[in-house]
Amino acid sequence: MKRVLVVISILTIATLACSVTGLTTPSQPETASQPQTLPTLQAEHPAEAIAQDGSLEALYESVIPGVVAVITDTGLGSGFVFDGEGHVVTNNHVVEGASAVEIAFASGFKAHGTVIGTDPDADVAVIKVDAPAGEIHPLPIGDSSALKVGQSVVAIGNPFGLSGTMTLGIVSGLGRTQPAHEATSGGFFSTADIIQTDAAINPGNSGGPLFNLNGEVVGINQSIRTTNVDQTTGNAANSGVGFSISINLVKRIVPVLIRDGVYKYPYLGISSNSDLSLDQIEALGLTTYTGAYVVSVVEGGPADQAGIRAGVAQTRFENLFAGGDLIVAFDGRPVTTFDEMLSYLLTSKSPGDTAVLTVLRDGQSMDITVTLGERP
């Protein structure tokens with residue numbers, strides 16, 4: 001098993017949910033996404049059959065033909081059949097650094113796969129597998145924007161190599177963020193629109209599907225946060241805090257990876273802080289508790305060119321400067337937090353698109369149009 005950096009924060013360890021351990025701690029800066037229509041998918045067992053039966057058994061029988069194990073020379077993960085052309089979707093960290101990839105279907109059939117596209121930032125990869133048509137069972141794709149906290153969800157994958165394992169839980173949170181890669185201007189770019197779930201996810205689950213009870217894929221299981229780590233293997237055990245990449249982000253990225261092999265993100269060029277204490281809000285002179293406060297603006301970036309302003313007046317708090325814009329709406333959609341704004345960017349915008357940011361500046365509301373760049 002390959003081991004990479006595990007970041008420890010007090011008593012909490014964040015780790016990727018496959019045979020590879022890694023970093024999954026939420027962070028700040030800017031991200032976005034690129035538009036692409038999703039290919040029409042035909043599932044062998046339509047979701048309506050599940051709804052009519054109403055049982056988890058029916059759900060499992062319906063979707064299991066489309067769930068696969070992804071076996072590499074560095075570890076084990078999970079995945080699912082995305083379309084009738086034999087494209088399998090998994091996590092990038094499942095196949096990263098692998099010299100050989102094998103796909104094992106629920107029927108027992110196995111075939112070699114070729115990685116044709118990867119997106120390390122969102123942790124998504126596409127594998128092309130050459131298999132008979134009878135083995136290719138594309139799974140129905142859902143709408144993750146329709147998810148609600150408390151809604152039941154199901155994870156299916158290969159935890160600890162136990163193929164076809166099904167676990168049940170709920171959506172514990174929506175719109176979470178995680179770090180993507182380090183920005184040249186400092187800090188980190190972020191990926192967002194992450195689903196938090198308490199459905200049991202363990203090493204080997206990475207890349208497997210998260211389903212709603214209609215049998216539609218609503219996310220890709222990616223990581224867990226835990227304090228329980230085996231000191232011998234480095235494997236982390238589930239503690240009820242798991243994370244899945246939203247399917248609405250995935251279905252924008254995957255068609256581009258199939259076509260181009262890489263995915264390009266829009267770039268706004270700001271960092272922000274939505275998690276301000278009452279004392280900090282008072283020190284900044286803000287009149288509202290919600291929104292995304294602009295901490296810094298990248299010189300020459302899209303936000304800078306559009307006139308978005310960061311704070312410059314030192315407050316009594318170290319590295320907190322007053323006078324910056326507070327983003328309260330994006331394209332007319334209210335912004336409660338920066339994470340929420342990132343989720344909208346990721347699932348709705350592309351390089352070259354324009355975005356209208358409504359900001360509060362010196363107590364006045366104003367709209368500023370920004371032409372998004374491409375993430376450097």
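Coordinate-derived values only; no laboratory data. In this text the structure is predicted, and so the values were computed from the model without any measurement. Reconstructed Cβ throughout: ideal geometry from the backbone, glycine too, with neighbour counts over all protein chains shown.
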- Sum up the charges of everything whose Cβ sits under 10 Å from the Cβ of Ala292, counting Lys and Arg as +1 and Asp and Glu as -1, but leave Ala292 out. -3
- Message: For a protection proxy built on the mean count of beta-carbon atoms within 10 angstrom, sort 361-374, 197-210 highest first, please.
- Response: 197-210, 361-374
- Query: All other residues with a Cβ under 12 Å from the Cβ of Arg316 taken together, and with Lys, Arg as +1 and Asp, Glu as -1, what is their net charge?
  - Reply: -3
- All aspartates and glutamates inside 12 Å of Lys349 as judged from Cα atoms, apart from same-chain residues fewer than 8 positions distant: Asp331, Glu374
- Query: For the range 231-376, rounded, prolate or oblate, judged on the Cα gyration tensor with a ≥ b ≥ c (square roots of eigenvalues), a/c < 1.5 rounded, else prolate if a/b > b/c?
  - Reply: oblate
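Please work out how much length the chain gains when fully extended from Arg316 to Ser277, using 0.36 nm per residue of separation minus the C-alpha to C-alpha distance, in nm with one decimal. Please report the intermediate quantities before stating the final value.
Numbers: separation 39, 0.36 × 39 = 14.04 nm, distance 1.31 nm.
Working it through step by step, the gained length comes to 12.7 nm.
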- Under 15 Å by backbone N from the virtual spin label 7 Å along Cα-to-Cβ at Val356, the residues of the range 329-347 are 329-335
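Taking K and R as +1 and D and E as -1, what net charge do the other residues with C-beta under 9 Å from the C-beta of Arg361 add up to? Could you put the intermediate results ahead of the total?
Working: positive: Arg309; negative: Asp325, Asp362.
My count for the surroundings of Arg361 gives -1.
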- Entries in Lys110/Lys251; Lys128/Lys251; Lys110/Lys264 that, when Cα-Cα distance is taken, lie over 24 Å: Lys110/Lys251; Lys110/Lys264
- Of all chymotrypsin sites (Phe, Trp or Tyr not before Pro) in the range 258-299, the ones in DSSP coil with at most 14 other Cβ atoms within 10 Å are Tyr289
- Item | Inter-part distance where the range 61-106 and the range 292-360 are each reduced to a Cα centre, Å | 38 Å
